[in-house]
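Any read-out appearing in this document is the output of simple, stated calculations on the displayed coordinates, not a laboratory observation. Here the structure is a predicted model, which means the values were calculated and not measured. Reconstructed Cβ throughout: ideal geometry from the backbone, glycine too, with neighbour counts over all protein chains shown.
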């Protein structure tokens, strides 16, 4: 009996030697996966994405011993792939080909990974954008969302933009932008082009630069306000006069491509320049940068006469027939065929939110596009009949390149800080 | 929990005993080691048992050879060390926080020195190797302390409370060195009842292992007469040392997920009081480990919560240690004096509770796959109720082996009336994924006992 008790005691002592292990976390498996191709690359719909699609798996714990099975599938866009199932090689690489479809602008190729026992590991997506014709293609958070100016040379087929203070030239494809670097090309704000196809850029410090070789090189113009380090409002009229204004200083113009500057009449100094047009009779029609400041001058801007309207105007546009269009808040268009003696209601929209309405008329060879921030875009061939071309309450700015491709932007400083750029290339 | 095993060893080796005589008054000195065992922690991680010294004097007075009281003065230093590792822990995943707190690896220590005065009720089984059990209260006063706490205790430093009150359970053996001296070995379990830090629920606790010498030779008049003894003859009061295996599981209020049973140990003794026709009343004291286990997907390591934010495959055991006091009536089945049916209530005081085991978590992202194994050790004392109450049904067989040696075998089923989790401190049902089950202890015990052959003692 004592022996039995002895052995029972031993068993209990052995049990009592059991220790609870300290809490801990061990990483048993640790893999990284990814496509070697760039995310978000831009192509035309129906194109192959690069020469091939490269996918890699990395074992972060130990060198790769076993292959990883990779199943490729097109998730979005309707494209096609050359290899749908493969195994990684010793270095963890595997390959396929991907031809974009045209079902969607944002197209997604997915790689689903499994170990050799068939256990699911992860899914990685490769995103490519396939630009289409006659559709609005929306890019989320692209670099060009904060474009602040575009100038298109339809003669030489060149388009330049100012984006983030830098200058970019459009590449071979309308969605490709290549930065133009140079001594003065920083902290830029806006760009414009005159009838000689000379480009001008204006900096946030009030400096003006000119290029006569399609943006290849730039020369410094005479600074309109030599003591000022502040941005300018700039317009150019059909006679290649450059018009500038700034806060609380006399409005000026240059008729020699920015070499010298002449002050305008003091009547408009407090209003600045929103838009300005030369009429066929040589007179000028100007709207200031503020409300209700529609003026006309017959003496090269030395004196100005205010054009009275019954409405609160915000902007003006003059077409090839010298018909004057005014924009009335919130965004209603009136037209005058008698040089502002009377105005007739043309069209109205209802923007979701208010904005500045400068440069809202955009003209291509065949059409007028009228941007309506907070509402969308109107289209017209004759400024008599209007088409609600695109209702998009997010719209802020609209630009048109030398090919007639529309580029619209939206951004907000409110959370969640959405930033979008919309491209549309029309087939006609 | 080492205490449980050790006590079992102790009680199992004491049956080569023979009787000795007791004196009414005794005085002794003891020295040994304590292992810290902090109670009611708020967060996860492991408080490691750290050794510290203990020394003291005790004074005993015996009413007879079996029953007495004991007091004394003790000095001890208790060292607490907390080990935390970087794994997600839900501070109170029952009902409050839905998001895990990621604790960083960090060690903290708290050291205390105490003067302690116990007052204990003592039961002895007289023999040459005498078996003693004590239970009672103690008062302690902190003489010194140092706090070197982990960074995540924003409330520190603060001044610990100086005095404490608590419960003390002790068991041991003594052996006569001469007519006047006895050597003793005792194992004690102490649990404080007062929070010693204002902003936390921590309570002192430790297990002590001590060797001592007791002097009993004061004067002849103090010798205990035989008429003062309890009658431990075979037909009257008897003491049975017991040890066994508990298979426990939870009786959840609904079938949710894969809860499983848990196998733990129990050890203790029982005292039988016959009251005629073979029936007897049985009480006693035992250390029981109950609990359950989980093998399923869950965001909690100790109850199934299918929180989709963080899902583990959990393989853990939830262990709750109780000091159990039963009150059973035993009736012979038929004319047999060997087979008995027993039933009655039980009361269990929680000693420790924890979750141990492993948990696996797969993390799939667009750029990675991670498989983590988490070694889980979390104290759960704050979440488990301080006591449990239930009912026992059992059958037990008393088998005479050689002469008056009896082996007892029992199969018992015990149920609980209460949810083991203490939800009083939490806002109920804040975690929408928690099915809010009421979990109750259920246990089947297979117990092997040995009836101490008091008939062998020298009268």
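Could you list, bin by bin from short to long, the percent of Cα-Cα pairs of the stretch A:31-131 in 10 Å steps?
Spelled out bin by bin, the stretch A:31-131 gives 17, 49, 25, 8, 0 percent.
Find the percent of Cα-Cα distances in the protein assembly as shown that exceed 45 Å, and round it to a whole number.
Summing the P(r) tail past 45 Å for the protein assembly as shown gives 56 percent.
Test of understanding: express the Cα radius of gyration of the stretch A:90-214 as a ratio to 2.2 N^0.38 Å, with N the residue count.
1.53
Along Cα→Cβ, 7 Å out, is where each label goes; now give me the distance between the ones at residue A:302 and residue B:61 in nm to one decimal.
Calculated label separation equals 12.8 nm.
Under a 10 Å cutoff between Cα atoms, tell me which one of A:403, A:30, A:141 has the largest fluctuation in the Gaussian network model of chain A.
A:30
Would any residue of the stretch A:148-185 have its amide N under 13 Å from a label point 7 Å out along Cα→Cβ of residue A:403? List them or say none.
Those under the cut-off are A:157-159, A:170-177.
Specify the inter-centroid distance of the stretch A:64-109 and the stretch A:240-258, based on alpha-carbon positions, in whole Å.
Answer, in whole Å: 57.
Taking R0 as 35 Å, what's the FRET efficiency between residue A:229 and residue A:108 from their Cβ-Cβ distance, rounded to 0.05?
0.15
Does the stretch A:225-293 classify as rounded, prolate or oblate by the C-alpha gyration tensor (a ≥ b ≥ c root eigenvalues; a/c under 1.5 gives rounded; else a/b over b/c gives prolate, otherwise oblate)?
In terms of gyration-tensor shape, oblate.
Could you check the spin-label model distance between residue A:310 and residue A:255? Points 7 Å from the Cα along Cα→Cβ, value in nm.
It is 3.9 nm.
Can you tell me the FRET efficiency between residue B:247 and residue A:81 if r is taken as the Cβ-Cβ distance and R0 is 56 Å, rounded to the nearest 0.05?
0.50
Using helices alone, what [θ] at 222 nm do you get for chain A, with -39,500 (n - 2.57) per DSSP H run of 4 or more residues, divided over all residues and rounded to the nearest 500?
Mean residue ellipticity at 222 nm (helix-derived): -1000 deg cm²/dmol.
Pull out the extension gain between residue A:426 and residue A:64, defined as 0.36 nm times the separation in residues minus the alpha carbon to alpha carbon distance; nm, one decimal.
Length difference between fully extended and current span is 125.3 nm.
Placing one identical point scatterer on every Cα of the stretch B:293-421 and ignoring solvent, what is log10 I(q)/I(0) from the Debye formula at q = 0.15, 0.16, 0.17, 0.21 Å⁻¹?
Values returned for q = 0.15, 0.16, 0.17, 0.21 Å⁻¹ are -0.84, -0.88, -0.93, -1.13.
Testing the spin-label approximation: label points 7 Å from Cα along Cα→Cβ at residue B:27 and residue A:136. State their distance in nm.
With each label point 7 Å from Cα toward Cβ, the separation is 10.0 nm.
As an exercise, take the mean of 1/r over every pair of distinct alpha carbons in the stretch A:237-395, invert it, and state the Kirkwood radius in angstroms.
After inverting the pairwise mean of 1/r, the radius is 16.1 Å.
Can you put A:125, A:198 in order of Cβ neighbours within 10 angstrom, beginning with the fewest?
In order of increasing Cβ crowding within 10 Å: A:125, A:198.
Just to be sure I understand: with springs between alpha-carbon atoms less than 10 Å apart, which residue in A:114, A:347, A:174 has the highest mean-square fluctuation in the Gaussian network model of chain A?
Of A:114, A:347, A:174, the Gaussian network model singles out A:114 as fluctuating most.
Among B:379, A:299, A:319, A:137, rank each residue by its count of other Cβ atoms within 10 Å, from fewest to most, as a rough exposure measure.
With the sparsest Cβ surroundings first, the list reads A:299, A:319, A:137, B:379.
Quick one: in the stretch A:357-428, what % of C-alpha pairs are over 21 Å apart?
23
Evaluate E = 1/(1 + (r/R0)^6) for residue B:360 and residue A:20, where r is the Cβ-Cβ distance and R0 equals 22 Å; express this FRET efficiency to the nearest 0.05.
Efficiency at R0 = 22 Å is approximately 0.75.
Just to be sure I understand: if I project the alpha-carbon convex hull of chain A onto a plane and average over all orientations, what area do I get in nm²?
One quarter of the hull surface, i.e. the mean projection, equals 32.6 nm².
Answer rounded, prolate or oblate for the stretch A:152-202, using the Cα gyration tensor with square roots of eigenvalues a ≥ b ≥ c: rounded when a/c is under 1.5, else prolate when a/b is larger than b/c, else oblate.
oblate
When only alpha-carbon atoms are used, what values of Rg and Dmax, in angstrom, describe the stretch B:231-459?
Here Rg and the maximum Cα pair distance are 21.7, 83 Å.
Using the count of nearby Cβ atoms within 10 Å as a rough guide to exposure, how do A:64, B:110 rank from fewest to most?
A:64, B:110
In nm, what is the difference between 0.36 nm times the number of residues separating residue B:144 and residue B:433 and their Cα-Cα distance?
99.5 nm
Would you please report the Å³ per residue occupied by the convex hull of the alpha carbon atoms in the stretch A:193-321?
Output value, Cα hull per residue: 105 Å³.
Using only the alpha-carbon atoms, how far is helix A:2-16 inclined from the longest principal axis of chain A? Give it as 0 to 90 degrees, nearest 10.
Tilt relative to chain A: about 10 degrees.
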